[in-house]
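Okay, structure first, notes after.
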Amino acid sequence: MNDFLSTNSHLKSLPSHLLQYIVDQDYEAYTPINHSVWRYVMKQNLNYLPKVIFGDYLNGLNEAGITVDKIPNLYGMNRILQKVGWAAVCVDGFIPPKAFMEFQAHRVLVIAADIRQINHIEYTPAPDILHEAAGHAPIIPNESYSEYLQLFGDIGSKAFSSSTDLQLFESIRNLSILKEAPGVSKKLINKSQKEVESIQERAKKEDLSEMSMIRNLHWWTVEYGLIGTLKNPKIYGAGLLSSIGESVWCMSKEVKKINYNINACKVNFDITKPQPQLFVTPSFEYLIDVLNQFSNNMAYKRGGEYSIEQAISSKKISTCVYNNGLQISGIFTDLIKKKNISIYLKTLGPTSLSYKNKEIKKHGSNFHKDGFGAPLGKIINYELSNLNLDKCKSLGLYIGSKISFKYETGLQIDGKICDFVLNDNEEVLLISFVNCNVKYGEEYLFKEEWGQFDLVVSEKIISSFPSPADISSFAEKKYNYKSQTIKINYSLKDEKIHSLYKKVEEIRTKKIKFTDLEKIFRDLKLQHSEEWLLLLEIYEISKLNDLTIYPEVKDYLSILSKNRKDLSKLIYDGLKLL
């Protein structure tokens, strides 16, 4: 792992909690068929995409370190990507949306290590190296798009998710695994499909979470975006660039084209089906404008009750930020209101207090192990903004003094000051009390027998986000997927076919043993008569080198195309390029 991370400076700066998602590419595990699938798709892309893509596709591939002839090795790809300010890592299929966004914020592309099976060569619902490497990477060198992608990751990683979001992620991950794995029964796939549809139907009845809206924007831009005008759109979305079928389909009149705007955040998508409509942006700069517009209504910018309620609804470790910069990180459970006014917020369990994303000494999750409570609102007759120790003394606030604070909300605090916590400018962040009671009327919110009470010297919450302020405040948790990628166990027959692909590849690259091609061709006709992709490769070599068998191979492909309607377009498209 360390050897791999050293290939690119962006990888070295990744936070440790993201490393759990990185897997070894295991380049030697790619079969000769895998490389042939890559070649076929990339050749089709190079033939068609330059007509419809935004920018120079071939130049984009070169700048990303990607070639047509073989699956890219991430070691080499990372050294080249560093020149355009990015990096790439391999992951195991779909990863949690928040983690995905965090990688993007660090300018790191996540690339699924696997590649689609030959029978899914036109499209796969599972993420694969064709989608990520051949789809995302060629657009990365565009500076405006690169800026948008990083900004999206930065903003997206601050979006709150709902429990339904997580369930949908897990169910889609499971469905994509089952659909891509060989030998899985239709019954099992249909069951998984129905589970996805059931969760999607339930989600329609719920308010869209920040993460679900962010995912919608990501889908309609980064994955399936068009750029230009409604009459003359160009492709930049990775999902379109990596799918031969959809890149053609999307340009037809059957697919409705809509001007992109912020309302796309409310348009849901179905990852398992072709898209009925696509959004067209006039420029990448416009994407940035819309994204910033959307972020203005997110909890991390909005503040107030909305931000606190988002943290509570998440039921996970989150951070609420007071207007003096103090950050409370923990699992938020309550926003206490009286007369419809927020007076007090609470966490339950280990809680950390931080400032500028650094935990405050003696105020970590071990000290506040049972939770934390903090008032909201103004204290009557005390102006606490920009409060320093000299001002404290003038107000009678010093260690040992007994104080009674009354809030405009009706909350009251009585106790003896035992400590102050200051920020970088010597302004008071916290006042600590012993023998302290916090009450609203006759209701106790904190009792003196509970120990030290730490008062946040501030009035309101201005931000919240779904992670600790200081990531080191809490023990790292490993994410446990509910479904694991199914690794293919190849049969003896599979191994035999792989060996034939390998022999043909050696003949193609080394330009030797051309006479063996005829033997391989005869073998295919007898034992593996429907290996259309290998037959195409044999035809390509025999035609380029003017071998006598090439007319016979072409005739056989034509017959196969007529007998197998599901292969006819693939064979036709392959022959068209030779």
Query raised in the report: To the nearest 0.05, what FRET efficiency results for Ser404 and Lys316 with a Förster distance of 56 Å applied to their C-beta separation?
Result: 0.95
**Report entry** Segment Asn73-Lys565, extension gain: residue separation times 0.36 nm, minus the distance between their alpha carbons
**Finding:** 173.6 nm
Query raised in the report: Nearest 0.05, what FRET efficiency do Val184 and Ser558 give at R0 = 45 Å with Cβ-Cβ as r?
Result: 0.85
**Report entry** Stretchable slack from Val23 to Ile118, in nm (0.36 nm times residue separation minus alpha-carbon distance)
**Finding:** 31.9 nm
Query raised in the report: Modelled label-to-label distance, Ile488 and Lys253, 7 Å Cα→beta-carbon offset: nm?
Result: 4.0
Requested in this report: Taking a cut-off of 21 Å between Cα atoms, list the lysines near Lys51, but don't count ones fewer than 8 places away on the same chain.
Outcome: Lys43, Lys231, Lys234, Lys253, Lys256, Lys257, Lys569, Lys576
Report summary line: Over the chain, the sum of -39500 (n - 2.57) across DSSP H runs of at least four, divided by residue number and rounded to 500 deg cm²/dmol, gives at 222 nm -12000 deg cm²/dmol
Query raised in the report: Applying 1/(1 + (r/R0)^6) with R0 = 25 Å to the Cβ-Cβ distance of Lys338 and Arg202, what FRET efficiency is obtained, to the nearest 0.05?
Result: 0.15
Report summary line: Given 254-262, 123-131, 192-200, 149-157, the highest-first ranking by average Cβ count within 10 Å works out to 123-131, 149-157, 192-200, 254-262
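Read-outs throughout are calculated quantities, based only on the coordinates presented, and are distinct from any laboratory measurement. Bear in mind that the values here come from a model prediction, so they are computed numbers and not experimental data. Cβ sites come from the backbone with ideal geometry, for glycine too, and all protein chains shown count toward neighbours.
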